[in-house]
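Read the structure below first, then the notes.
The values are calculated or read from the model by the stated rules, or taken from the named source; none is laboratory data. Since we're looking at a predicted model, the values are computed, not measured. When we count neighbours, we look across all protein chains shown, and the Cβ atoms used for this are built from the backbone with ideal geometry, even at glycine.
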């Protein structure tokens, strides 16, 4: 049996859209991301600054569900989106639309295996490795929020409802995955 391939998923340089200074009016966290499996690099910190609050939720969703490169409800929902500031309920589900920019990585499940892929790279890890890596990333994002002033509320009622649902789903998914 081969030893497990090391999986790295980390938040680097967390910040707000205008920079590292705390911004009470900015609801979504940004930062640089590193995602690699062994020598296969999917996202590097040098690739850009992404909306890590949206990425955290998309990653949490990817523990139980596929995140394909094509065929998503919102085509612009990259796993690591450039933008993810519009948060609202759409047909009873939380939608986090953004621009088409970002770093997209497919996350596809096959039993207890998780295949990560882009147009130029692919690697496989176990679900037992993916789950704690995603939870650790989510905790890194949460820790950034906890070091800053409380955010919100969003100015529009629809956005307030969306952000409330965002954090409700986030906490529920973290709780479910922690209990496994």
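Each row is one residue, and each column tells you yes or no for (1) under 22 Å from residue 16 (Cβ atoms); (2) out of contact with any strand residue (DSSP E or B) (no Cβ under 8 Å at 6 or more places or on another chain); (3) touching a residue at least 60 places away in the same chain (Cβ under 8 Å).
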residue: 107; (1), (2), (3): no, no, no
residue: 110; (1), (2), (3): no, yes, no
residue: 121; (1), (2), (3): no, no, yes
residue: 124; (1), (2), (3): no, no, yes
residue: 128; (1), (2), (3): no, yes, no
residue: 137; (1), (2), (3): yes, no, yes
residue: 151; (1), (2), (3): yes, yes, yes
residue: 168; (1), (2), (3): no, yes, no
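Against the condition part of a loop (DSSP other than H, G, I, E, B) and either under 11 Å from the mean Cα position of the chain (by Cα) or under 16 Å from residue 166 (Cα atoms) (or both), how does residue 86 come out, does it pass?
In short, yes.
When you go through 108, 69, 135 one by one, which is the residue that is outside any strand (DSSP E or B), over 13 Å from the mean Cα position of the chain (by Cα) and surrounded by 14 or more Cβ atoms within 10 Å (Cβ to Cβ)?
Only one candidate passes the filter, namely 69.
Considering only segment 165-176, state which residues are within 13 Å of residue 88 (Cβ to Cβ) and either surrounded by fewer than 16 Cβ atoms within 10 Å (Cβ to Cβ) or in contact with a helix residue (DSSP H, G or I) (Cβ under 8 Å, 6 or more places away or on another chain) (or both).
166, 169
Determine whether residue 98 is at pLDDT below 95, in contact with a helix residue (DSSP H, G or I) (Cβ under 7 Å, 6 or more places away or on another chain) and closer than 22 Å to residue 12 by Cα.
Against the criterion (at pLDDT below 95, in contact with a helix residue (DSSP H, G or I) (Cβ under 7 Å, 6 or more places away or on another chain) and closer than 22 Å to residue 12 by Cα), residue 98 qualifies.
Any residue that is out of contact with any helix residue (DSSP H, G or I) (no Cβ under 7 Å at 6 or more places or on another chain), surrounded by 11 or more Cβ atoms within 10 Å (Cβ to Cβ) and in a helix (DSSP H, G or I) - is there at least one of those in segment 146-156?
No; the residues of segment 146-156 include none that is out of contact with any helix residue (DSSP H, G or I) (no Cβ under 7 Å at 6 or more places or on another chain), surrounded by 11 or more Cβ atoms within 10 Å (Cβ to Cβ) and in a helix (DSSP H, G or I).
Scan segment 7-59 for residues that are in a loop (DSSP other than H, G, I, E, B) and in contact with a helix residue (DSSP H, G or I) (Cβ under 9 Å, 6 or more places away or on another chain) and jot them down.
Hits for segment 7-59 are 27, 28, 29.
A quick yes/no check of all residues on (1) within 19 Å of residue 40 (Cα to Cα); (2) surrounded by 15 or more Cβ atoms within 10 Å (Cβ to Cβ); (3) modelled with pLDDT under 95:
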position	(1), (2), (3)
50	no, yes, no
63	no, yes, no
77	no, yes, yes
84	no, yes, yes
116	yes, yes, no
130	yes, yes, no
